[in-house]
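Shown next, in structure tokens, is the structure this report addresses.
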Amino acid sequence: MTAPDITMEQMSLKYDSVTALEDITLRLTGDKIYALLGRNGSGKTSMLSVLSSFRPATSGSVKIGTEEVFDNERATLQICFIRDDKNVYEEETAKDALAFAANFRPNWDNAYADRLMNMFQLPYNKRVNTFSRGMKSALGVVMGLASRAPITIFDEAYLGMDAPSRYQFYEEVLRDYIEHPRTIILSTHLIEEVESLFEEVIILDQGKILMHETLEALSQQGVTVTGPAEHVDAIAQGMTALGEKQLGSTKSVTLFGILSPEARESIKQLNLEIEPIGLQDLFVHLTKKQKGV
Amino acid sequence: MFDERSPIYLQIAGQIKDQIVRGELQEDEQVMSTNQYASFYRINPATAAKGFQQLTDDKILYKKRGIGMFVSQGARERIIADRRERFFQEKVDVMMAEARAIGIPWDELMDYIKQREGADSQ
């Protein structure tokens with residue numbers, strides 16, 4: 001069964017006088033892995049909280065399939081929202097927390113939860129408030145993955161997990177997604193670590209959608225061209241330069257936009273070096289530029 | 001695993017072509033699935049699928065509905081013809097430019113090639 005689409009239309013969220021999200025229109029089709037990127041305070045957690053029905057939007061609509069999500073149990077049962085902390089009632093043991101989740105998650109897989117608990121070496125019979133930060137994060141990850149919810153959201157769920165655990169998490173996300181396709185939204189600052197998992201990328205900036213593209217399309221939107229300054233300048237003419245560096249007569253320019261066939265041809269003729277820009281670099285450049293220099 | 005300079009899906013397509021050229025994948029033999037590629041390289045299956053799409057567009061692979069992807073008849077010849085076409089420009093010209101830049105005379109280059117050719121054919 002395909003996960004339902006998520007549709008947000010002209011959704012805004014205001015806290016008193018502060019506008020956290022403004023006019024968000026977004027359609028996420030089911031069964032894909034999405035990246036939600038944005039600088040601190042860009043509105044990622046606000047958007048995910050509205051999507052998960054933790055708070056109502058101030059205006060506009062947020063739908064799962066055809067149903068408005070807020071105060072709608074049928075819709076919210078399909079969503080599992082995991083943060084780095086406070087995913088469970090911490091006076092409980094991990095065992096009780098998992099039993100509670102198993103009880104209201106229709107697709108919960110107990111055997112899978114066990115396997116993940118083992119993988120992250122988490123104890124069942126200790127109270128969660130005795131866990132280290134990394135262990136709490138890992139418990140959240142276990143709950144998110146084992147829920148097999150049609151829409152599973154990890155909001156910086158890795159915080160506190162060390163590098164080996166994070167890589168186990170990424171690997172598990174991909175493996176379980178392949179076996180049980182569903183919609184997975186990952187919000188993260190560690191872009192380079194997870195980039196290859198994504199199919200589509202949403203970038204939020206100052207409460208607005210700055211970009212929503214496939215990873216493939218995004219990676220074609222930036223290149224770094226390096227070579228003799230005069231040739232590089234000629235290529236860069238008429239394009240948006242996101243950054244440039246010069247070392248003696250060698251220049252390196254990072255360009256946003258798709259190169260024309262003519263530009264590609266002369267890059268080849270002139271033997272200039274060309275490299276695709278990574279998602280992380282593109283993100284840094286795009287969100288820096290928005291700050292209005 | 002991947003060099004950063006070309007998109008992953010092109011590198012996957014390139015690897016499959018290499019296997020066909022070396023004879024590790026024969027005509028009408030089944031290729032690993034996009035999901036198998038995705039798990040192995042830890043990439044999104046849609047990215048792997050894009051590499052496969054390119055190979056079917058180029059008629060290197062064909063699809064049997066519900067079964068999987070297979071190597072087309074004549075795929076090896078087509079890949080080789082394409083690579084021969086680009087060989088002199090992409091490999092030899094680059095080598096000659098480098099030899100010129102660092103001052104290796106043609107005679108020395110030719111001698112080296114002849115010597116290697118002799119060694120390799122023994």
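A few comments on the model shown:
- Computed from backbone phi, the HN-Hα couplings of the range A:14-30 come to 10, 9, 6, 9, 8, 8, 8, 9, 10, 6, 7, 10, 7, 10, 10, 6, x Hz, rounded to whole numbers (Karplus: 6.51 cos²θ - 1.76 cosθ + 1.60, θ = phi - 60°; Gly and Pro given as x).
- For chain A, the solvent-accessible area works out to 48 Å² per residue, with a probe of 1.4 Å and every protein chain left in place.
- For chain A, the longest site-free run once trypsin sites (Lys or Arg not before Pro) in DSSP loop states with at most 10 other Cβ atoms within 10 Å are removed: A:87-290
- Once you divide the Cα radius of gyration of the protein assembly as shown by 2.2 N^0.38 Å, the number left is 1.18.
- For chain B, the calculated P(r) over all alpha carbon pairs, in 5 Å bins from 0 to the bin holding the longest distance, is 2, 10, 15, 17, 15, 11, 10, 9, 7, 3, 1, 0 percent.
- Those lysines that a straight Cα-Cα span of less than 19 Å connects to B:K59, excepting residues fewer than 8 apart in one chain: B:K17, B:K50
- Approximating the spin labels as points 7 Å out from Cα along Cα→Cβ, the A:L247-to-A:T19 distance works out to 4.4 nm.
- Here's the list of aspartates and glutamates a cross-link from A:K245 could span, going by alpha-carbon distance under 17 Å and ignoring same-chain residues fewer than 8 apart: A:E230, A:D233, A:E273, A:E275, A:D281.
- Of B:L109, A:V232, A:I64, farthest towards positive along the dipole that unit charges on Lys, Arg, Asp, Glu beta carbons give the protein assembly as shown: A:I64
- Straight-distance crosslink candidates among aspartates and glutamates, where the alpha carbon sits under 12 Å from A:K208 and sequence neighbours closer than 8 are dropped: A:E22, A:D23
- B:Q26/B:V92 FRET efficiency (R0 25 Å; Cβ-Cβ; nearest 0.05): 0.25
- Shape of the range B:76-121, Cα gyration tensor, a/c cut at 1.5: oblate
- Fully extended contour minus Cα-Cα distance, from A:H189 to A:Y124, at 0.36 nm per residue: 20.4 nm
- In plain terms, chain B is cut at each of the trypsin sites (Lys or Arg not before Pro) found in a DSSP loop with at most 11 other Cβ atoms within 10 Å, and the longest leftover piece is B:66-122.
- If R0 is taken as 60 Å, the Cβ-Cβ distance between A:D71 and A:Q280 corresponds to a FRET efficiency of 0.95.
- Value of [θ]222 nm, deg cm²/dmol, for chain B, DSSP H segments ≥ 4, -39500 (n - 2.57) each, nearest 500: -18500 deg cm²/dmol
- Accessible area buried between chains A and B, both sides summed, probe 1.4 Å, in Å² to nearest 100: 1300
- The calculated pair-distance distribution of the range A:10-158 uses every alpha carbon pair, bins of 5 angstrom beginning at 0, and gives 2, 9, 17, 21, 18, 14, 11, 6, 2, 0 percent.
The values are calculated or read from the model by the stated rules, or taken from the named source; none is laboratory data. Please read these numbers as outputs of a predicted model, since none were measured by experiment. Every residue, glycine among them, receives a Cβ derived from its backbone with ideal geometry; neighbour counts consider all protein chains shown. These area figures cover heavy atoms from the full protein model, side chains too; ligands, DNA and RNA do not enter into them. Shrake-Rupley method; radii C 1.70, N 1.55, O 1.52, S 1.80 Å.
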